[in-house]
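Quick notes on the structure that follows.
Every number in this text was worked out from the coordinates using simple rules, so none of it is lab data. Keep in mind it's a predicted model, so treat the numbers as computed, not measured. Counting neighbours? That spans all protein chains shown, and the Cβs are built from the backbone with ideal geometry, glycine included.
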Amino acid sequence: MRSSPPTGHVVAQRNLAHYGDRVSFLHARGADLPPTPRFDLIVSVGVLQFIPEPKPVVDAAFAALVPGGRFFVWLYAREGTLLYRAALGTLRTIGRTVPHTALAALVRVLDVPLAIYMRLCRRLPLPLRDYLVNVLARFTPEKRRLVIYDPAEPDACPLPFPGRSRAAAARQRVH
């Protein structure tokens with residue numbers, strides 16, 4: 001059986017545990033956000049573009065915010081990700097057929113051209129430049145490889161990527 005890295009909300013909880021009861025989390029489907037308790041911050045990273053009808057999710061998020069609260073949204077498709085998504089579809093196909101150790105080795109190999117591309121992005125206006133320079137470049141190589149591994153391992157990422165049905169993605173979601 002394959003061991004998968006933890007999902008994003010698990011990592012966030014672990015990384016912010018030292019704040020104790022000052023930080024709380026709710027992992028739920030967007031349209032099912034309860035109006036109480038109210039939230040200071042709601043984060044949606046790379047999710048809304050995969051939801052067929054995002055308006056109920058956005059409405060629920062704003063209804064769940066405290067006055068002056070913030071709703072942070074990042075859409076992958078905004079930065080010209082066609083090539084990235086095509087490569088990811090291929091990587092996910094491979095991820096379905098190889099054991100964890102082989103996929104982890106492939107991720108290490110893929111990290112090399114990614115590191116080179118990130119350096120090029122510092123000098124050239126390439127696709128995904130903002131994300132790569134301002135976010136991913138700040139990660140340690142180990143954490144960067146987890147960013148590659150997570151969506152490459154089809155059972156670890158609950159999003160409907162090419163070749164994965166929305167029903168399969170819905171079954172994978174953790175509540």
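Between Val133 and Arg108, what is the FRET efficiency for a Förster distance of 30 Å, r being their Cβ-Cβ separation, to the nearest 0.05? List each step's numbers first, then the result.
Working: r = 22 Å, r/R0 = 0.74.
Between Val133 and Arg108 the formula returns 0.85.
Long-range amide H contacts for Phe39: which residues qualify at under 5 Å (H placed 1.01 Å from N, peptide plane, sequence gap of 5 or more or a different chain)?
Under 5 Å from the amide H of Phe39 lie the amide H atoms of Leu65, Val66, each far enough along the sequence or on another chain.
Any chance you could run the full-extension gain for Gln13 through Gln49? It's 0.36 nm times the residue separation minus the Cα-Cα distance, nm to one decimal.
Numbers: separation 36, 0.36 × 36 = 12.96 nm, distance 2.43 nm.
Working it through step by step, the gained length comes to 10.5 nm.
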